[in-house]
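First the structure, in the form of structure tokens, and then the observations on it.
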Amino acid sequence: IYIQQPIPRIRRRRRNIERNREEGHNQLYHDYFMDPVYPEELYRRRFRMRKGVFMRIVTALSANNRYFHQREGGNGRPSFSPLQRCTAAQSTCIWPTPQNLARLLHMGQARGFPGMLGSIDCMHWEWKNCPTSWAGQYSRRSGKPTVILEAVASYDLWILHDFFGTPGFDVPLRGGIRTQASGYLPAGISNWANDKEAAILRLGFVEPEVISWSPRIVVLHNFLSQEECDYLRALALPRLQVSTVVDTKTGKAIEKRISVFSQIPVENGELIQVLRYEKDEFYRPHHDYFSDTFNVKRGGQRVATMLMYLSDNVEGGETYFPMAGSGQCSCGKKTVAGMSVKPIKGNAVLFWSMGLDGKSDPNSVHGGCEVISGEKWSATKWMRQKAMN
């Protein structure tokens, strides 16, 4: 008689994915609550309420709702904290106001995408427990059934819409964006009264115009007020050297506006430099990015340039891009191939020295045309890959 011995079952250890929940809680608490990295106005922009109100909500929910309790998992480690859970829940409950929608539409236009509220991201997740009868319907080329994770977020990380489910469901965008956006803005950009952030960014005044995609060039009409132009000129006039505008209220507003419209952090910028061109003066075509290794040690390569015009009644003095466009333009009363931007007080031109592939763009070559009459005043802000300090 042959008796088969039972084959011992091998117990496989369950795979553990490191979520770094504790580190996430510490960073969230440090950045926004204990020793805030972000100022109060940015906190209210992200959380849509005062800090004290939000903390009372966290305390109440953690005391009365099991979902917001911090529990231990099977491995003995704590789960997400009440602060993390409330922050995640609150971030998906943003209801767009007329001011919010107008701000997002304006920033989308400034970045070359008129009518854009946010960017959509869609990815497929493997559906491990998909019913067998449905597997073929929801399988992709990989042969495994999947579900869709879809999200729409604004440039400042507001979650405008999220969906997690099976393909084929037409879920309307949350917050009424799809159905009510036109009702929010019946007459274009709405009133910005009592909105300090809008005043700093001059929303409703700045009019972006994309004039070239290769190289990337955007003209920002009315980027500076007349008073800000006069302020920069007066600050630089005694010495005509690098200006320390970040030490004043007006300078900080300009720095922040440059950062938002270029989408490059303030700390990545060099100091603003004010220049004056008199009659017959010009600047030969050149690149703003560095061709040596020494200058990139601090802050990395130059990514973009914001050139702001501070004076009027200038003949000539255009900013000339010889590799942009396929037509002809005026440069110091001469007709040349390429594209030029006329210096108008308050306007600015934003152009990128780095392409979308992360490499320096040789087509970003530019120069200053000869000034025929008057004085041309400009302020230049160069922005780097990394923080300068």
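The values are calculated or read from the model by the stated rules, or taken from the named source; none is laboratory data. This one's a predicted model, so the numbers in the text were calculated from it and none came from an experiment. Positions of Cβ are generated from backbone atoms using ideal geometry, with glycine treated the same way; all protein chains shown enter the neighbour counts. Ligands, DNA and RNA are stripped out before the accessible areas are found, and what is left, the full protein with its side chains, is counted by its heavy atoms. Shrake-Rupley method; radii C 1.70, N 1.55, O 1.52, S 1.80 Å.
Quick notes on this one:
- Positive minus negative residues near Tyr309 (Lys, Arg vs Asp, Glu; Cβ under 14 Å): 0
- Across Tyr67, Tyr155, the residue with the most accessible area heads the list, and the full order at a 1.4 Å probe is Tyr67, Tyr155.
- You can think of it this way: the chain between His287 and Thr380 has 32.1 nm of extra reach, that is 0.36 nm per residue less the Cα-Cα gap.
- Whole-Hz ³J(HN,Hα) from phi, Karplus 6.51 cos²θ - 1.76 cosθ + 1.60, for the stretch 115-128, glycine and proline x: x, 8, 8, x, 9, 9, 10, 9, 9, 9, 10, 5, 9, 5
- For the stretch 308-389, trypsin sites (Lys or Arg not before Pro) meeting the loop criterion (DSSP other than H, G, I, E, B) and having at most 14 other Cβ atoms within 10 Å: Lys333, Lys359, Lys386.
- Averaged over residues, the count of other Cβ atoms within 10 Å places the peptides 132-145, 209-222 in the sequence 209-222, 132-145, highest first.
- Ordering 308-320, 119-131 by mean Cβ neighbour count within 10 Å, with the highest value first, yields 308-320, 119-131.
- Cβ-defined net charge surrounding Lys279, 13 Å radius [Lys, Arg +1; Asp, Glu -1]: -3
- Mean projected area in nm² (Cα convex hull; one quarter of hull surface) for the stretch 333-389: 5.9
- Surface accessible to a 1.4 Å probe, per residue, for the residues of the stretch 251-379, Å²: 45
- Hits among lysines - C-alpha to C-alpha of Lys381 under 25 Å, sequence gap 8 or more where chains match: Lys196, Lys249, Lys252, Lys256, Lys279, Lys297, Lys342, Lys345, Lys359
- Rounded FRET efficiency, nearest 0.05, which uses the C-beta distance separating Glu18 from Ile120 and R0 of 35 Å: 0.75
- Nearest-0.05 FRET efficiency for Asn295 and Glu209, computed from C-beta distance (R0 41 Å): 0.85
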